[in-house]
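One structure is given here, and the rest of the page talks about it.
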Amino acid sequence: MTDARRGTRPIRKLLIVGGGSAGWMAAAFLSRALGRTVAIELVESDDIGIVGVGEATIPPIREFNRLAGVDEAEFLRATDATYKIGIQFENWGRQDERYIHAFGHTAQELDALVPLHHWWLLGREAESSGYPKWEDMFLGRVAADENRFAIDQRPGSELSRLLPHAYHFDALAYGRYLRSLAESRGVMRTEGRIAHAHRNGESGDITQVALEDGRELAADFFIDCSGFRSLLLGDAMKEEFDDWSNYLPADCAVVVQTDPASEAIAPFTRAIAHETGWQWNIPLQSRTGNGHVYSSRFSSDEDALARFLANLTGTPKGEPRVLRFATGRRRNPWSGNVLGLGLAAGFLEPLESTSIHLVQSGLERFVKLFPGHAGASRERDHFNRQSEAEWLQVRDFIIAHYKVTQRQDSEFWRHCAAMEVPDSLAASLDLWQAHGSLAIDGGHLFQQTSWTSLLIGQNLLPDSPHPLTARADAGAIASRIAHIAQSLRQSGARLPDHRRFIEQASGVSGNPAPA
């Protein structure tokens, strides 16, 4: 059938190439968004391994789960999930220092004109003993310290503003759970390995993919979730890859699961910097996910493995695996009639848990711009512009963790502190350095509280507070800041234990009590 106005076929069949969390996120989300208007098929092979190390998320995952029709209690049980209120960074600015990047807002703004971090900076000038750290302005700090968590479902509640959450979960189990949802809505799964793709000689679009056993699967539009192989977007469409390794030198990771080291479940991810790279610790209900990200330029695999094992807590479950990756992105994630998602579109290391989110935002953007036909260039170009802006903003935020350091104890950290950074990040750091202003707008994934947590947490303080703070007395402001910190400490101590809350929310021991 041909659309007479466009001279091209409307999209009636969509083929997802590859499973894993990205593929089944696409299948579950699109099957609900598109309903029965578009037939959806997913092809994957059980013989191909899945990376499956992205187990930490950021708060927008809750909206994705809602739109995909995920039941919260089922999800918690099926994916071994725990709640996440932020990331604790250790040894990043200096060794033996820590700070938390909490998801929530600061507890209390002192006026409508000047953000709280400026008042906090002014209060420091009073040099009062025991002056609170900037992270003490977040409820997430005390929740992390006490392993506490709660949800208040009432719209606009103070707790939901101060303690928004994401999840830690088993990414492979998440994919299996989403598969069950997608197949219940009519998505057809085909087992098979792809040998090559056929392209239309005139338009350049892909017409069908050929499997190794000779079968051919045709579609009007293709979604590439084939991982680092990027079978369609990279191999078939020859979409150029922008390499960012000059800014983010890590290109390897060693990963392993461990048994829990204690009964308590931390409601946060740990990112622990080492002499070369860093190590993550992600607590699930029944196990802990661990990985060490490092640069092959500064560390051998043998040294990285030894460093990793020396810093593990709990007993390893299986043998550690070494993964290789290239940091960067395909320049146009939507090329012709192919949309790349996940690793097929690009990779940013898991420092701020953005991998699954970039799949989510790609899907939501695609649905909003869903084309009437495969050759819709306006929609495609707009999608690519928005994707580029998002990826660059996330890239800069991650680079800043490495650049803003005072560590000089190893060749790796000396390299990071001295390296050139993108002009966009350099301009942001310069603006901040003057008097704490931030070069972000409402379109950035990471907003003011995220950037202040990073920059102040890693000791990059502005030369002075905002000029408007001159209208207040530093000593009086310091007293108010101390009061905010004390109030948060008291509020946090009243939150329930994280493990108990998970059990209740998942239906293991009744319904969670309201906070």
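Throughout, read-outs are computed from the coordinates displayed, never taken from laboratory work. Everything numeric here is computed off the predicted structure, so don't read it as measured data. Positions of Cβ are backbone-derived with ideal geometry, glycine not excepted, and every protein chain shown enters the neighbour counts.
Could you compute the net charge surrounding Gln257? Neighbours are other residues with a C-beta less than 13 Å from the C-beta of Gln257; K and R count +1, D and E count -1.
Values: positive: Arg287, Lys317, Arg321; negative: Glu55, Asp80, Asp170, Asp259, Glu319.
It works out to a net charge of -2.
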(Q) Using only Cα atoms and rounding to the nearest 10 degrees, what angle (0 to 90) does helix 301-310 make with the longest principal axis of the chain? (A) 50 degrees
**Q.** the range 402-430 versus the range 438-515: alpha-carbon centroid distance in Å
**A.** 26 Å
Q: Provide, for the chain, the number of lysine pairs with alpha carbons under 29 Å apart, each pair being eight or more places apart or on different chains.
A: 8
Q: Please give the helix 20-34 orientation as an angle from the longest Cα principal axis of the chain, in degrees from 0 to 90, rounded to the nearest 10.
A: 80 degrees
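Give, as a single signed number, the net charge of other residues whose beta carbon lies under 13 Å from the beta carbon of Asp243, with Lys and Arg counted +1 and Asp and Glu -1.
Details: positive: Arg329, Arg330, Arg331, Arg395; negative: Glu240, Asp242, Asp251.
Local charge sum for Asp243: +1.
Relative to the Cα centre, what is the charge dipole magnitude of the chain, using +1 at the beta carbon of each Lys and Arg, -1 at the beta carbon of each Asp and Glu, and rounding to the nearest 20 debye? Write out the running numbers ahead of the final one.
On the way: 53 positive and 65 negative charges, 248 e Å.
Roughly 1200 debye, rounded to the nearest 20.
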Q: Have a look at Phe138, Trp119, Ala173 and report the one farthest towards the positive end of the charge dipole of the range 58-211, computed about the Cα centre with Cβ charges (Lys/Arg +1, Asp/Glu -1).
A: Ala173
Q) What residues qualify as long-range amide H neighbours of Gln208, i.e. H under 5 Å apart, gap of 5 or more or another chain, H built at 1.01 Å from N? A) His198
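Taking only DSSP H segments of four or more residues, each worth -39500 (n - 2.57), what value at 222 nm results for the chain once the sum is divided by all its residues, to the nearest 500 deg cm²/dmol?
On the way: 15 runs with 176 residues, N = 515.
It lands at -10500 deg cm²/dmol.
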Q: Quick one: check the C-alpha center-to-center distance for the range 199-245 versus the range 371-392, whole angstrom.
A: 17 Å
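So for the range 107-265, averaging the separation of alpha carbon pairs under 8 Å that are six or more residues apart and normalising by length, what relative contact order in percent results? Walk me through the numbers before you get to the answer.
Working: 90 pairs, mean separation 16.5, N = 159.
Over the range 107-265, the number comes to 10 percent.
Can you compute the charge dipole magnitude of the range 165-265 about its Cα centre, using +1 on each Lys and Arg Cβ and -1 on each Asp and Glu Cβ, nothing else charged? Give it in debye, rounded to the nearest 20. Can you show the working numbers first?
Working: 9 positive and 18 negative charges, 76 e Å.
That gives the range 165-265 a dipole magnitude of about 360 debye.
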Q. By how many nm would the segment from Ser487 to Ala389 lengthen if fully extended, with 0.36 nm per residue of separation less the alpha-carbon distance?
A. 31.4 nm
Q: Working from Cα positions, state the angle (0 to 90°, nearest 10) between the long axis of helix 171-184 and the longest principal axis of the chain.
A: 50 degrees
Q. Based on the Cβ-Cβ distance of Asp463 and Ala195, what FRET efficiency does E = 1/(1 + (r/R0)^6) give at R0 = 41 Å, to the nearest 0.05?
A. 0.10
Q: With label points built 7 Å along Cα→Cβ from the Cα atoms of Asn246 and Lys133, find their separation and express it in nm.
A: 3.5 nm
Q) Placing +1 at every Lys and Arg Cβ and -1 at every Asp and Glu Cβ, with all other atoms neutral, what dipole size does the range 1-150 have around its Cα centre, in debye to the nearest 20? A) 1020 debye
**Q.** Along principal axes, Cα extents of the range 427-515, largest first, whole Å
**A.** 53, 34, 22
Q. Counting pairs of alpha carbon atoms under 8 Å apart in space and at least six apart in sequence, what relative contact order in percent does the range 198-280 give?
A. 12 percent
**Q.** Highest-first arrangement of 331-340, 316-325, where packing means the average Cβ count within 10 Å
**A.** 331-340, 316-325
Q.
Taking 8 Å as the Cα distance limit and 6 or more residues as the minimum spacing, I'd like the relative contact order of the chain as a percentage.
A. 24 percent
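Can you put Leu113, Leu231 in order of Cβ neighbours within 10 angstrom, beginning with the fewest? Walk me through the numbers before you get to the answer.
Working: Leu113 10, Leu231 23.
With the sparsest Cβ surroundings first, the list reads Leu113, Leu231.
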